[in-house]
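To keep things clear, I will list the structure first and then write my remarks on it.
The values are calculated or read from the model by the stated rules, or taken from the named source; none is laboratory data. Quantities reported herein were computed from a predicted structural model and do not represent experimental measurements. Please note: Cβ atoms are built from the backbone with ideal geometry, for glycine as well, and neighbour counts cover all protein chains shown.
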Amino acid sequence: MAQEGAASDSQFRAPVDAWAMRRAMLAEFWFYFCQNRGAVIGLFVFLAIITVAVFAPLLAPHSPILQNRDALLLPPFWEEGGSLAYPLGTDAVGRDMLSRLIYGARFSLFIGMVVVTLSVTSGVLLGLAAGYFRGWLDVAIVRLMDVILAFPSLLLALVLVAIIGPGLINAMIAIALVYQPHFVRLTRGSVMAERGREYVTASRVAGAGRLRLMFLTILPNCLAPLIVQATLAFSSAILDAAALGFLGMGAQPPTPEWGTMLAEAREFILRAWWVVTFPGLAILITVLAINLMGDGLRDALDPKMKRG
Amino acid sequence: MLRFLLSRLALLVPTFIGVSIVAFAFVRLLPGDPILLLAGERGMSAERYEQLQAVYGFDRPLVVQYLIYLRDVLTGDLGTSIVTKRPVLDEFLTLFPATIELSVCAILLATVVGVTVGVLAAVRRGSWFDQGIMGVALVGYSMPIFWWGLLLIILFSGMLQWTPVSGRISLLYYFPPVTGFMLIDSLLSGQAGAFRSALSHLVLPTIVLGTIPLAVIARQTRSAMLEVLGEDYVRTARAKGLGPLRVVGLHALRNALIPVVTTIGLQVGVLLAGAILTETIFSWPGIGKWMVDSVFKRDYAVVQGGLLLIAGVIMLVNLLVDLLYGLVNPRIRH
């Protein structure tokens, strides 16, 4: 008994070990994340896709843009006329489908990362400013976001790309811009809720400056919903970029981007099912894996869901 | 209720002004000089160019141009299409029924199936049915619908030959539009087989456009239902000895539907974005395809007018949803 008392006593006296606390929080997060079987499957699929994207040059049997005039619209190997040299067949100009799909993973992940980075950074900055300072700045920012939200996102992105010119980079900028209001609203709402809390007042009384209050005191406590929204934005960005590619306004041929591949394959849909099926399947699997993870993240980060 | 309505309307005014500025600015930012575009390949003399600039008001200050534009918009003049030379508003009104018909069918499918499936999944929480349905819903939610449309065409139009690939009705039938809705017009025409043809053209686009809203509504209904089923009044109803059908149908569902109504309303933007892809795939002559075609043809007047009209439609529907929400949930009004 005496020993136990001493241990808890020293625990109280020892300075809080930030690393140990963080590790404990991560362990708790991981515990709740693993409660969701789908989320774990999604995570593993996502990691697999990242691996494929990173090692694309090693994994792809052919160059993704090399055309072979002797192997046009070759079916996958299990169909009659297919060969193992082109396991998933070839497209209309004789490029290897498998290699293009493997390289396509790079583009999709890149799109997701860039769009999320751009929209989260700008959205959080604007939302933080609006929620913290309130007043005319808040009104201006909220009105601006309302205007962006009044348009269907894909239509706005399409017209934006038409203005700044078709291409992958411009498509990503346009998509980031139309996603930004969601982050502004979310950040603004949480900041307004947190701003009046006691710990913020305490920090202010202790002499924390404005920037410190905004970024170090308030922002970390608003992160949970932002992380969930960022996951959703990652998968939506892949879908929308593929949609723009499909409409001819995203990545341009011969880029092996999955949506662009679908656009090129459209005219062969009744003749060569594989050129249409595989790129879409790749999009679906990637987006599904990320959404599964998103569901798990939401469960793990939402205190309401934690039971027992 | 009137005050609630007025306050919501007042909120729309600055948003509408913002939307009109965006639509106005877009056209000035589009690459290519609209007047040279009008001239085509022949080109024009410098005098004619200046003359046309004056006609279209491009030589005035931007603020004046904007105010003139706003005045025209408010009097119903949205300009003339560069390609077809028809007023933009006329074109919109001709094509909009096609989009409404498709969207209404899609949202009906999504609501009926989504709510049913969501309620059943919530009632049998944790069962294989629940897990299976929620799995399918997540797949639907993650679906690239342009690919989904192509797959359905391969299966139903290519392999099975059950449905046509594109358009709204077979070319065999012709009748003057009365309502603009092909399902109704084909019935009114009295021509045998016309309705069946219109219906068969509508099936695949409806499924494609309805997929994502269906998935969203099913997920939302399930979680709203689960929340309500845990409430005290549901337990009381059960304790009173009411049958499960009455408890679920009468007591729980009515309250669970409140957030679902909002979700359904929010799908309008999703539907119009989806219409861009769905109409392109199925060559459905609605405003989604119209906008895409106009962007590619650089028909700046149509892009400008279309943006404004589509945003206006979304704002109006959102207002209606707000009002509906105020009606079903009186707490909101205060």
Answer yes if at least one residue in the range B:191-205 is without any contact (Cβ under 8 Å) to a residue 12 or more places away in the chain and either of a type in the set (A, V, I, L, M) or not in a helix (DSSP H, G or I) (or both), and no otherwise. yes
Cβ-Cβ distance below 9 Å, separation of 6 or more or different chains: which pairs start in the range A:198-211 with a residue that is surrounded by fewer than 12 Cβ atoms within 10 Å (Cβ to Cβ) and end on one that is assigned to a helix (DSSP H, G or I)? A:Tyr199/A:Thr217; A:Tyr199/A:Asn221; A:Arg210/A:Tyr132
Subset of the range A:243-280, residues among the polar types (S, T, N, Q) and facing another protein chain (nearest Cβ under 10 Å), comes to A:Thr277
Looking at A:Ile285 and the list (1) modelled with pLDDT under 90; (2) out of contact with any Lys or Arg (no Cβ under 8 Å at 6 or more places or on another chain); (3) in a helix (DSSP H, G or I); (4) surrounded by fewer than 23 Cβ atoms within 10 Å (Cβ to Cβ), which single condition is not satisfied? (1)
Out of curiosity, is A:Ile227 in a helix (DSSP H, G or I), in contact (Cβ under 8 Å) with a residue 40 or more places away in the chain and more than 12 Å from chain B (Cβ to nearest Cβ)? yes
The lone condition B:Arg168 fails out of (1) more than 13 Å from every other protein chain (Cβ to nearest Cβ); (2) surrounded by fewer than 15 Cβ atoms within 10 Å (Cβ to Cβ); (3) in a loop (DSSP other than H, G, I, E, B) is (2)
Checked B:Ala252, B:Ala275, B:Ala301, B:Ala224 against criteria (surrounded by 15 or more Cβ atoms within 10 Å (Cβ to Cβ), in contact with a strand residue (DSSP E or B) (Cβ under 8 Å, 6 or more places away or on another chain) and at pLDDT 80 or above); the one match is B:Ala301
Determine if the range A:68-75 includes at least one residue that is on the phi < 0 side of the Ramachandran plot, at pLDDT 85 or above and out of contact with any Pro (no Cβ under 9 Å at 6 or more places or on another chain). yes
Mind checking which residues of the range B:125-163 are loosely packed, with under 14 Cβ neighbours inside 10 Å and modelled with pLDDT of 90 or more? B:Trp128, B:Gly132, B:Gly135
Members of the range A:120-163 found to be among the β-branched types (Val, Ile, Thr), within 14 Å of chain B (Cβ to nearest Cβ) and without any contact (Cβ under 8 Å) to a residue 60 or more places away in the chain, listed by number: A:Val139, A:Ile141, A:Val142, A:Val147, A:Ile148, A:Val159, A:Ile163
